[in-house]
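Below is one structure, written out as structure tokens; comments come after it.
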2 protein chains.
Amino acid sequence: MVAELATLRDQIDEVDKALLNLLAKRLNLVAQVGEVKSQHGLPIYVPEREVSMLASRRKEAEQLGVPPDLIEDVLRRIMRESYTSENDKGFKTLKPEMGAVVIVGGHGKMGQLFSKLFKLSGYQVRVLEQHDWQQAETILSGAGLVVVSVPIHLTEQVIHRLPKLPEECILVDLASVKNPPLQAMLAVHNGPVLGLHPMFGPDVGSLAKQVIAYCDGRQPEAYQWLLEQLQVWGAKLQAISAVEHDKNMAFIQALRHFATFTYGLNLSQENVQLEQLLALSSPIYRLELAMIGRLFAQDAELYGDIIMSSEDNLALIKRYYTCFGNALSLLEKGDKAEFIAEFNQVKAWFGDYATHFLNESRTLLRQANDSRR
Amino acid sequence: MVAELATLRDQIDEVDKALLNLLAKRLNLVAQVGEVKSQHGLPIYVPEREVSMLASRRKEAEQLGVPPDLIEDVLRRIMRESYTSENDKGFKTLKPEMGAVVIVGGHGKMGQLFSKLFKLSGYQVRVLEQHDWQQAETILSGAGLVVVSVPIHLTEQVIHRLPKLPEECILVDLASVKNPPLQAMLAVHNGPVLGLHPMFGPDVGSLAKQVIAYCDGRQPEAYQWLLEQLQVWGAKLQAISAVEHDKNMAFIQALRHFATFTYGLNLSQENVQLEQLLALSSPIYRLELAMIGRLFAQDAELYGDIIMSSEDNLALIKRYYTCFGNALSLLEKGDKAEFIAEFNQVKAWFGDYATHFLNESRTLLRQANDSRR
């Protein structure tokens, strides 16, 4: 029996080694694609190519008796690596005749990411950091694009500190609230102004499929090339007004982060045994715990700033608190029927999204389970 | 340029087809492993084999210039399929001389899963459903194992309704609270008693790496084979006392589900534009929204039962509400310094787990991004 199993396992290992060689070959081909794309300024992420390629492989998989989801998942994972490796080949310079790109806060994590991408695209990049303000005029002289990438509570202040910029210079910020910085930029600069909010952290391997929200400020025709450049890097753009953006972020960031904060705070006050909790966790609860714990590996000030960035956030959090209190009184009364009725109202409100989310998270939870050791 | 790109893409497609053939070959080999394992009663998940195999492939990957994480992720995904396909080959019967397995509630989703697994392992399986109580004596006659798999609010009641079981029959329940059902089983039956809580939903493809918590009731020597059978199916067992189990579940289930419920309730009351929220979402917020929405695709009563299953749950939820209120008053005072201080206390309490969770969730969020369309 042991011999029989050993032979089969050797054969499996041989297959896996062949697989490894194919991966090496594929990465090599993709690097060549990257070079062609970079020469011609083509975006690294082409949804149509992805869709048609996956459809063909799924069909062939079915004929071979391989589950189509298996080949799709494997190829999607390989493609992620491809996007990252296409990155390294550089990108086409869409605005070659432009002056330098100056990144204010260019040594911060997000600043470094954008600095790298602009350099990979052939732009001259300069950094203006905290201690550089005395040389600000020199650093900014002849700038074609200024990107403000500083902590959110400093954004407006830094914008107001900028010396007069060349008339045609594009002024951009990357803060995660958009209206106040946009107003500040419009006030200090008469040329083109654009608000960007990258909806991802600085640790992404590539911008492929990552969302960047953008809010038009002034003279959009002057920065169309920049929006295209972001797309060449792989990003998906989402246009929105600054006010609408901030309204959505109150939910996406302020309320969510605060709820996560209080949840972690409560766990620590209850002093639960994390180890035991994890040993008992289903994949979904492990993920939920991870989503809470991960907040606290990050910067307290950043989260404080985001949550306290507006009165609207506070009002929203208060309404949630009231909603929680009302639901709690149902529990105190032991009113299961009313709990079920409210549950079903929310179900109706979510509509098709509820099932959609269930399926989407099921896929992800299976992936989480794959990685269990 | 188009021709150049087309040639490269054709070559990539050829590589992907070769990959597909390897997958087919591998699944075939794995099916043969499944047969050997099934004959000899070996567990489908063998952690040591997985660890050593992945370590070898990672090393070889590095030599080939392939990112080691890529081959590991791809192999883990393939192995999931392998566990499922090993499943289909059946499992060894560890207790061949035993009477029938009777699953009370065997037509429910979890009941069906266990029914399938017992059948695949060569046991005779009978089902006792709601409308079968008049024939209960017949169905249960000569039973070697009775598994109670009914909605949580009916568990104790159903246990009390059972006719007298054969002295040597093993009585087991699968409810997600453990102490009250265990006490009920000990009261109605003098033979071996065991509480199980499968920490997963009935939609898992296989039990590989899934956790089952178990609480000893009486005569553990009589059901050791059953615990081994669960391991042959791939499950990871976690021993815990019923009281400790329920204390942990207050966090894992009651508080978490209730917080998720109130979050969804609040979103519906605020009537946010889900579509716009999703368009703007980072992978992490999309995942968080999905974790909320998925709750509402499920059974209101099940969640009501879990949350309202004990006074301790209510007390815990109230303490969380108080904690939230205290944190909210920090915001109202605009006390950012105190927010940061508390944040850092929680960070210290999470210790190494915070960074660990950040890395773990980063991997998963990248996978979530891979699947974006």
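Here segment B:87-140 and segment A:160-231 have alpha carbon centers that stand 63 Å from each other. When a/c is below 1.5 the answer is rounded, else prolate if a/b is larger than b/c, else oblate, so apply that to the protein assembly as shown with a ≥ b ≥ c taken from the square roots of the Cα gyration tensor eigenvalues. Judged from the Cα gyration tensor, the protein assembly as shown comes out oblate (a/c at least 1.5, b/c at or above a/b). DSSP bridge analysis restricted to segment B:102-255 gives an antiparallel fraction near 25%, rounded to the nearest 5.
Shape of segment A:227-373 from its Cα gyration tensor (a ≥ b ≥ c, root eigenvalues): rounded if a/c is under 1.5, otherwise prolate when a/b > b/c, or oblate? Since a/c stays below 1.5, the shape of segment A:227-373 is classed as rounded. Legend: residues B:S309, B:S121, sorted from most to least accessible area (1.4 Å probe; ligands, DNA and RNA excluded), read B:S309, B:S121. Taking all protein chains as shown and a probe of 1.4 angstrom, A:I170 keeps an accessible surface of around 10 Å².
Shortest first, B:S329 label-point distances to identical copies amount to 2.0 nm, with the label point at 7 Å from Cα along Cα→Cβ.
Partner lysines whose Cα lies under 18 Å from the Cα of A:K347, excluding those fewer than 8 positions away in the same chain, are identified as A:K336.
By the rule of a C-alpha distance below 25 Å, with chain neighbours fewer than 8 residues away ignored, the lysines paired with A:K116 are A:K37, A:K89, A:K92, A:K95, A:K178, A:K209, A:K236. Taking each DSSP H run with n ≥ 4 as -39500 (n - 2.57) and averaging over every residue of the protein assembly as shown yields -19500 deg cm²/dmol at 222 nm.
Sorted from closest to farthest, the other copies place their A:T363 label points 2.0 nm away, with each point set 7 Å from Cα along Cα→Cβ. Of all DSSP bridge pairs formed entirely within the protein assembly as shown, close to 25 percent run antiparallel.
Rounded to the nearest 10 square angstrom, B:W133 shows an accessible area of 40 square angstrom against a 1.4 Å probe. Here the average projected area of the convex hull drawn through the C-alpha atoms of chain A stands at 25.5 nm². For A:R126, the accessible area of its heavy atoms, probed at 1.4 Å with every protein chain present, is near 60 square angstrom. For the set B:L162, A:L237, solvent exposure ranked by accessible area (probe 1.4 Å, protein chains only) runs largest to smallest as A:L237, B:L162. All C-alpha pair distances within segment B:1-160, sorted into 10 Å bins from zero, spread as 9, 24, 23, 18, 14, 8, 3, 1 percent across the bins.
Residues whose amide H lies under 5 Å from that of A:K236, counting only those 5 or more places away or on a different chain, are A:K209, A:Q210, A:V211, A:I212; hydrogens are built 1.01 Å from N in the peptide plane.
Partner shielding of B:181-194 amounts to 0, given as the average count of beta-carbon atoms from other chains within 10 Å of each residue beta-carbon.
Looking only at other chains, what is the average number of their beta-carbon atoms within 10 angstrom of each beta-carbon in B:268-279?
Details: counts 8, 8, 7, 1, 6, 4, 4, 1, 6, 4, 3, 8.
Per residue, the number of nearby Cβ atoms from other chains is 5 on average.
Annotation for B:H40, label-to-label distances across the other copies: 5.5 nm (shortest first, one decimal, point 7 Å from Cα along Cα→Cβ).
Counting other Cβ atoms within 10 Å, keep those with at most 10, restrict to DSSP loop, and tell me which GluC sites (Glu not before Pro) in segment A:265-353 are left. Walk me through the numbers before you get to the answer.
Details: sites: A:E270, A:E275, A:E288, A:E301, A:E311, A:E332, A:E338, A:E342; in loops: none.
Here no GluC sites (Glu not before Pro) fit, given the DSSP loop and packing criteria.
Exactly which chymotrypsin sites (Phe, Trp or Tyr not before Pro) in segment A:15-94 are in a DSSP loop and have at most 15 other Cβ atoms within 10 Å? Loop-located and lightly packed - none at all. Rounded, prolate or oblate for segment A:112-230? Axes are the square roots of the Cα gyration tensor eigenvalues, ordered a ≥ b ≥ c, and the cut-off for rounded is a/c under 1.5. The shape class here is rounded. Shown here for segment B:38-105: GluC sites (Glu not before Pro) in loop regions (DSSP other than H, G, I, E, B) with at most 10 other Cβ atoms within 10 Å, namely B:E97. Average projection, convex hull of the Cα set of segment A:209-310: 8.9 square nanometres.
The values are calculated or read from the model by the stated rules, or taken from the named source; none is laboratory data. This structure is a prediction, so every number in the text was calculated from the model and none was measured. In this analysis, Cβ positions are derived from the backbone assuming ideal geometry, glycine residues included, and neighbour counts consider all displayed protein chains. When the accessible area is computed, the model is the full protein with side chains, heavy atoms only, and any ligands, DNA or RNA have been set aside. Shrake-Rupley method; radii C 1.70, N 1.55, O 1.52, S 1.80 Å.
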